[in-house]
1. Restricting the search to segment 46-63, which residues are touching a helix residue (DSSP H, G or I) at 6+ places or on another chain (Cβ under 8 Å), within 10 Å of Leu34 (Cβ to Cβ) and in a helix (DSSP H, G or I)?
2. Scan segment 61-111 residue by residue and report those that are at pLDDT 75 or above, of a type in the set (Val, Ile, Thr) and more than 30 Å from Val284 (Cα to Cα).
3. Would segment 69-89 turn up any residue that is of a type in the set (Val, Ile, Thr), touching a residue at least 40 places away in the same chain (Cβ under 8 Å) and within 22 Å of Arg137 (Cβ to Cβ)?
4. For residues that are surrounded by fewer than 17 Cβ atoms within 10 Å (Cβ to Cβ) and of a type in the set (Val, Ile, Thr), tally how many sit in segment 32-57.
5. Of the residues Gly241, Gly237, only one is of a type in the set (Gly, Ala, Ser), crowded, with 16+ Cβ neighbours inside 10 Å, within 18 Å of Lys152 (Cα to Cα) and within 18 Å of the chain's Cα centre (by Cα); which?
6. If you check Glu78, Glu151, Glu146, Glu123, which single one turns out to be exposed (fewer than 13 other Cβ atoms within 10 Å of the Cβ) and assigned to a helix (DSSP H, G or I)?
7. Which residue out of Glu275, Glu279, Glu250 is of a type in the set (Asp, Glu) and in contact with a helix residue (DSSP H, G or I) (Cβ under 8 Å, 6 or more places away or on another chain)?
8. Being touching a helix residue (DSSP H, G or I) at 6+ places or on another chain (Cβ under 6 Å) and modelled with pLDDT of 95 or more is the filter here, so list the residues in segment 12-25 that pass it.
Amino acid sequence: MIQSMTGFGKHVIQLPTKKITVELKSLNSKSLDLNARMPQTYREKELELRKTIASALVRGKIDFALYVEITGDETSTEVNQAVVKQYIKQLRAIADGDDLRLMEMALRLPDTLKTERDDIDPEEYQGILEALKESLREIQTFRSEEGRILEKDFAARLDTLKSLLQQVMAIDPERLGAIRERLDKALADLKVEVDANRFEQELIYYLEKFDITEEKVRLENHLNYFKETMDSDDSNGKKLGFISQEIGREINTIGSKANYAPMQQLVVQMKDELEKIKEQMLNVL
């Protein structure tokens, strides 16, 4: 079963003094491209969080965001009283003013606030991991649902390609007959005598160059292999991409050998269906 690389997951946990929100957003990408946004306090855990996300999501352009909102009385920022008092003392020596006015001026100066860097509480970090786990579960569910939509689209287009291939097979004898008829007419228009046996040998050699038997067999095999890979347990967009390239190669060869307008029209339709598959393939994990 295939999965899309597009997805979104969000989970919120409420601690006694903090509200923690984890968000994950994923878009298509050839490889893993992970962008993380989080408060500086939690940067020491970034590598571990990245590994968890990469292991679960594998591939895609992923935005990970960790938001922490203080909801209680807890704060890690304090007024640096010693610095403020020193500023007030210096300001009083320069200009007259009441203490409130001098304090307002002092608080605008550098280093008047100090932030204590607290260690991450183990229970708090466990809550973050749980929120991340739930967000990953949501985004994977989203990816699976999107994958089912893609799978239905691929299946319908594969059926169309198989139908077009059957039509190619059906008109192939007619095509070879038309080519032979054109050659016979061209020879008759020349009004020259030719050796019938030699002409027949050359004709057979010429028609062999337009034979598409191998291409028809390989194309049918590639279409079946695409379906088998799509139905496998693991989503493998890169493998499906390689198979679609092989499908395109056989379709192009049939088109170059066709030399017959009705078959070339079928080839154009096959190319159109394959191009739509390739466009959607960019979203497959």
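The values are calculated or read from the model by the stated rules, or taken from the named source; none is laboratory data. Predicted, not measured: the structure shown is a model, and the values here were computed from it. No Cβ is skipped: glycine too gets one built from the backbone with ideal geometry, and neighbour counts run over all protein chains shown.
1. Leu49, Ile53, Leu57
2. If the condition is that a residue be at pLDDT 75 or above, of a type in the set (Val, Ile, Thr) and more than 30 Å from Val284 (Cα to Cα), then Val68, Ile70, Thr71, Val79, Val83, Val84, Ile88, Ile94 are the ones that fit.
3. No, because not a single residue in segment 69-89 is of a type in the set (Val, Ile, Thr), touching a residue at least 40 places away in the same chain (Cβ under 8 Å) and within 22 Å of Arg137 (Cβ to Cβ).
4. 2
5. Result: Gly237 is the single residue among Gly241, Gly237 that is of a type in the set (Gly, Ala, Ser), crowded, with 16+ Cβ neighbours inside 10 Å, within 18 Å of Lys152 (Cα to Cα) and within 18 Å of the chain's Cα centre (by Cα).
6. Unique residue meeting the criteria: Glu123.
7. Among Glu275, Glu279, Glu250, only Glu250 is of a type in the set (Asp, Glu) and in contact with a helix residue (DSSP H, G or I) (Cβ under 8 Å, 6 or more places away or on another chain).
8. Those that are touching a helix residue (DSSP H, G or I) at 6+ places or on another chain (Cβ under 6 Å) and modelled with pLDDT of 95 or more: Val22, Leu24.
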